[in-house]
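A short reminder: the numbers here are calculations on the coordinates, not readings from a lab. Quick caveat, the model's predicted, so the values are computed rather than measured. Cβ placement follows ideal geometry from the backbone for every residue including glycine, while neighbour counts extend to all protein chains displayed.
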Amino acid sequence: MFKFFHSVRVRYSEIDGQKLVFHAHYLTYFDCAMVEYFRQGLNLEIHKLAEQNVFEFVLVKTALEFTRPAKLDEHLAVWCHVERIGGSSLDMNFKITSHDKDDILVTGKTTYVSYDANAAKARPIPSFIRSAILDFEGNERL
């Protein structure tokens, strides 16, 4: 199901007093993986598309489930894939594993909405974005 991952190494600034990754940083890991999914997986520069007012999206919903905490200097694989594409929204699933193992630390799901910043409202996902995701994911039923 997951074809793409982004590697991260837990930095000192991301741990709490218990020397575990502070929970909010997992969302940052998801965000970094999502950007790389578009950059490396789909060959799209989302920041340039946003600057050109072609495609931009905002996070509207997220849920995380924790299995075990990540620790300082641990190498992680942040996996992501698009589960669903609607008219103006898409859902991405995430899982974080130890880089050299398949033990799951965190799973999550996010919903993003395609957004027109100039009009301050949702807009349809462009067809070339939809096509790129379907081609990469290999699933016409998204």
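Each residue of the stretch 127-132 was assigned a 3J(HN,Hα) from its phi angle through the Karplus curve 6.51 cos²θ - 1.76 cosθ + 1.60 (θ = phi - 60°); the sequence is 4, 5, 5, 4, 5, 4 Hz, with glycine and proline shown as x. Our note on the geometry: Cα centres of the stretch 104-142 and the stretch 33-88, 10 Å apart.
Only Lys, Arg, Asp and Glu carry charge here, each on its Cβ (+1 for the first two, -1 for the last two); on that basis the stretch 34-112 has a dipole of about 180 debye about its Cα centre. In this structure the amide hydrogen of Ala70, modeled in the peptide plane, comes within under 5 Å of the amide hydrogens of Val21, none closer than 5 places in sequence on its chain.
With the simple model of a label 7 Å out from the Cα in the direction of the Cβ, Arg130 to Ala117 spans 2.4 nm. Computed from backbone phi, the HN-Hα couplings of the stretch 52-67 come to 8, 6, 9, 7, 8, 9, 10, 6, 10, 7, 8, 9, 10, 10, 9, 9 Hz, rounded to whole numbers (Karplus: 6.51 cos²θ - 1.76 cosθ + 1.60, θ = phi - 60°; Gly and Pro given as x). Extension gain, Lys71-Gln40: 0.36 nm per intervening residue step, less the Cα-Cα distance, totals 8.5 nm.
Sorted from largest to smallest, which semi-axis lengths in Å does the alpha carbon gyration tensor of the stretch 4-137 give for its equivalent ellipsoid, taking the root of 5 times each eigenvalue?
29, 15, 13
In sequence order, the stretch 112-120 has phi-based couplings of 10, 10, 5, 9, 9, 5, 5, 8, 6 Hz under the Karplus curve 6.51 cos²θ - 1.76 cosθ + 1.60, θ = phi - 60°, and Gly or Pro positions carry x. The length gained by stretching the chain between Leu20 and His47 to full extension, at 0.36 nm per residue less their Cα-Cα distance, is 6.6 nm. Using Cβ point charges alone (K and R +1, D and E -1), the dipole size of the stretch 4-137 about the Cα centre works out to roughly 200 debye.
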